[in-house]
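Heads up: the structure comes next, in structure tokens.
Coordinate-derived values only; no laboratory data. Everything numeric here is computed off the predicted structure, so don't read it as measured data. Here Cβ is always computed from backbone atoms with ideal geometry, including for glycine, and neighbour counts include all displayed protein chains.
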Amino acid sequence: MVTGISPTSGTEVGGTSVTITGSGLTDATVNFGGASATITANSATEITAISPPGTGIVDITVVTSVGVSGTGPADEFTYVS
């Protein structure tokens, strides 16, 4: 479950380091909208991921062996030009 992200925005070209906080995040993969992100650090309560290129507002989802995190305002990432 994702409880927050920081920062909440980054450039359209990608490359923003985003910290995702929550619970049950061990051995996860991360998607920004439908695009896979590169994970640089992972624990049960925090993930650091690098945003892929994109546009607009997308939900960051975390996929674990339990399933896919729900979406909502806490996981919205805005791409800016």
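Of the residues making up the range 17-33, those that are surrounded by fewer than 18 Cβ atoms within 10 Å (Cβ to Cβ), touching a residue at least 24 places away in the same chain (Cβ under 8 Å) and part of a loop (DSSP other than H, G, I, E, B) are G24, T26, D27, G33.
When the range 41-73 is limited to residues that are assigned to a loop (DSSP other than H, G, I, E, B) and among the polar types (S, T, N, Q), the one that is farthest from G10 (Cα to Cα) turns out to be S65.
Within the range 65-81, if we keep just the residues that are closer than 13 Å to G4 by Cβ and small (G, A, S), the residue that is surrounded by the most Cβ atoms within 10 Å (Cβ to Cβ) turns out to be S69.
Among the residues of the range 35-64, those that are more than 11 Å from the chain's Cα centre (by Cα) and more than 14 Å from M1 (Cβ to Cβ) comprise T40, A41, N42, S43, P53, G54, T55, G56, I57. Here the range 34-52 is the region considered, the condition is being surrounded by fewer than 16 Cβ atoms within 10 Å (Cβ to Cβ) and among the polar types (S, T, N, Q), and the residue that is farthest from T78 (Cα to Cα) is S43.
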